[in-house]
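*Asks:* Right, I'll just put the structure down here and ask away after.
The values are calculated or read from the model by the stated rules, or taken from the named source; none is laboratory data. All of these numbers come straight from a predicted model, not from anything done at the bench. Positions of Cβ are generated from backbone atoms using ideal geometry, with glycine treated the same way; all protein chains shown enter the neighbour counts. We work out accessible area using only protein heavy atoms, side chains counted, and drop any ligands, DNA or RNA first. Shrake-Rupley method; radii C 1.70, N 1.55, O 1.52, S 1.80 Å.
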Amino acid sequence: MKIIFATNNAHKLTEIRHALGDRFELVSLNDIGFTGEIPETGPNLESNALEKARFIFAKYNLAVFADDSGLEVEALDGAPGVDTAHYSGTRDADANMAKLLRALDGKENREARFRTIIAFKTANTEEVFEGEIKGTIAPNQRGTTGFGYDPIFIPEGRDQTFAEMGMEEKSKTNHRVRALEKFIGFLTRQ
């Protein structure tokens, strides 16, 4: 089955392709020639993922899935949440992490969770799948692999950040893969 993944984020694409293996033919927005911006105007992860999937489906009329992920920090009342990618006002990962670490300065509670919502859209189907992983925020950046907040997120039960684990280890535990497993389960039952 050919499915569009509504992203041009090379890191996400690599992670999802690694998790999917050869079970499905995954194509990116770049593969189908889409270079524009996809709207993300929703107040939460679910609405943004659905908005992206609906937008691309309306243009190409092909099976599509989109995701939206967010880091929710307990001591910050769930921030950055839906604003995770732009927390510092930019898409710069280092600036986003620096702002988050400053916001947590002096706070004992560093509990957090990563959530991913995958929205799938076809002519006859619209489904949403969620993946979550709990953990804590490290006091400083550690590790060199991964992307986004990986250098400061330590998954529950581990002592390494995602960035210290490497792709293979991270793909066994992360939020995006957990949502993807539910999505794949749905696809294989169809």
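*Asks:* Within the group 53, 49, 58, which residue is modelled with pLDDT of 95 or more, in a helix (DSSP H, G or I) and over 23 Å from residue 185 (Cα atoms)? Full working, then the answer.
*Replies:* Details: 53 fails: over 23 Å from residue 185 (Cα atoms); 49 fails: over 23 Å from residue 185 (Cα atoms).
On inspection, the qualifying residue turns out to be 58.
*Asks:* Please work out which residue is most open to solvent (accessible area, probe 1.4 Å), limiting yourself to segment 124-141 and to residues that are β-branched (Val, Ile, Thr) and within 27 Å of residue 188 (Cα to Cα).
*Replies:* Out of the qualifying residues, it is 128.
*Asks:* Select, from 135, 106, the only residue that is within 19 Å of the chain's Cα centre (by Cα) and among the small types (Gly, Ala, Ser).
*Replies:* 135
*Asks:* In the set 76, 13, which member is without any contact (Cβ under 8 Å) to a residue 24 or more places away in the chain and under 30 Å from residue 139 (Cα atoms)?
*Replies:* Unique residue meeting the criteria: 13.
*Asks:* Quick one: how many residues across segment 84-98 are at pLDDT below 95 and open to solvent by 80 Å² or more (accessible area, probe 1.4 Å)?
*Replies:* 2
*Asks:* Looking at segment 146-176, which of its residues are assigned to a helix (DSSP H, G or I) and surrounded by 19 or more Cβ atoms within 10 Å (Cβ to Cβ)?
*Replies:* Scanning segment 146-176 gives 162, 163, 164, 165, 170, 175, 176.
*Asks:* So, one more: Could you grab me the full set of residues in segment 1-14 that are open to solvent by 20 Å² or more (accessible area, probe 1.4 Å) and outside any helix (DSSP H, G or I)?
*Replies:* Those that are open to solvent by 20 Å² or more (accessible area, probe 1.4 Å) and outside any helix (DSSP H, G or I): 1, 2, 8, 9.
*Asks:* Now for a separate question. If the Cβ limit is 9 Å and pairs must be 6+ apart or interchain, which residue in segment 82-95 that is of a type in the set (Ser, Thr, Tyr) and in a helix (DSSP H, G or I) pairs with which residue that is at pLDDT 95 or above and open to solvent by 40 Å² or more (accessible area, probe 1.4 Å)?
*Replies:* So the pair list comes out empty.
*Asks:* Hey, another quick one. Please specify each residue of segment 15-64 satisfying the condition of being under 14 Å from the mean Cα position of the chain (by Cα) and open to solvent by less than 20 Å² (accessible area, probe 1.4 Å).
*Replies:* Scanning segment 15-64 gives 15, 16, 45, 48, 49, 52.
*Asks:* Out of all the residues in segment 102-123, is one or more in a loop (DSSP other than H, G, I, E, B), touching a residue at least 12 places away in the same chain (Cβ under 8 Å), closer than 27 Å to residue 23 by Cα and open to solvent by less than 80 Å² (accessible area, probe 1.4 Å)?
*Replies:* yes
*Asks:* Suppose the filter is in contact with a strand residue (DSSP E or B) (Cβ under 7 Å, 6 or more places away or on another chain) and under 25 Å from residue 55 (Cα atoms); does residue 117 pass it?
*Replies:* So residue 117 passes the test.
*Asks:* If you don't mind, there's one more thing I want to ask. Can you tell me which residues in segment 65-84 are under 14 Å from the mean Cα position of the chain (by Cα) and under 18 Å from residue 152 (Cβ atoms)?
*Replies:* 69, 70, 71, 72, 80, 81, 83, 84
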